[in-house]
Amino acid sequence: MFDKLTSVNNAESDNNLPLIYPNPAQDYVDIEFNESCKGSLTIIISNNLGQIIKRENLNQAFTRTLHLEINDLQAGIYTVHLKCENRRYSQRLVVQRNY
């Protein structure tokens, strides 16, 4: 599990952060990495209460972009936690629904 994270801007520069788009999103997000993820990747999406809403564990290597379906999430603000090899990232994600 991830330790409590209080800041995204720690030792890594913003240029190394994965890009999550579109944000706000509706049905999917693409996660674009500046560096390859050669080991396993864990994606955890949590709500504002810290409850895990979605978890994906991927064991295959990929180079740059990952497509993630989020049409099962309700409208709201979430935190996307990414763990790739020994690197950890967290970013906010806004999910909108047009009803």
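A short reminder: the numbers here are calculations on the coordinates, not readings from a lab. Everything quoted here is computed from the prediction, not taken from an experiment. Note: ideal-geometry Cβ built from the backbone for every residue, glycine included; neighbour counts use all protein chains shown.
Just want the answer: with Cβ charges of +1 for Lys and Arg and -1 for Asp and Glu, which residue in Leu66, Val95, Cys37 is farthest toward the dipole's positive end in region 24-95?
Highest projection toward the positive end goes to Cys37.
Evaluate the charge dipole of region 24-95 about its Cα centre and quote only its size in Debye, nearest 20, assuming +1 on the Cβ of each Lys and Arg and -1 on the Cβ of each Asp and Glu.
It works out to roughly 320 debye.
Please quote Rg/Rh for region 24-95 to two decimal places, taking the Kirkwood radius as Rh and restricting both calculations to Cα atoms.
0.95
Using the Cα centre of region 16-58 as the reference point, and only Cβ charges (+1 on K/R, -1 on D/E), how large is the resulting charge dipole? Debye, rounded to the nearest 20. List each step's numbers first, then the result.
Details: 3 positive and 5 negative charges, 41 e Å.
The dipole of region 16-58 has a size of about 200 debye.
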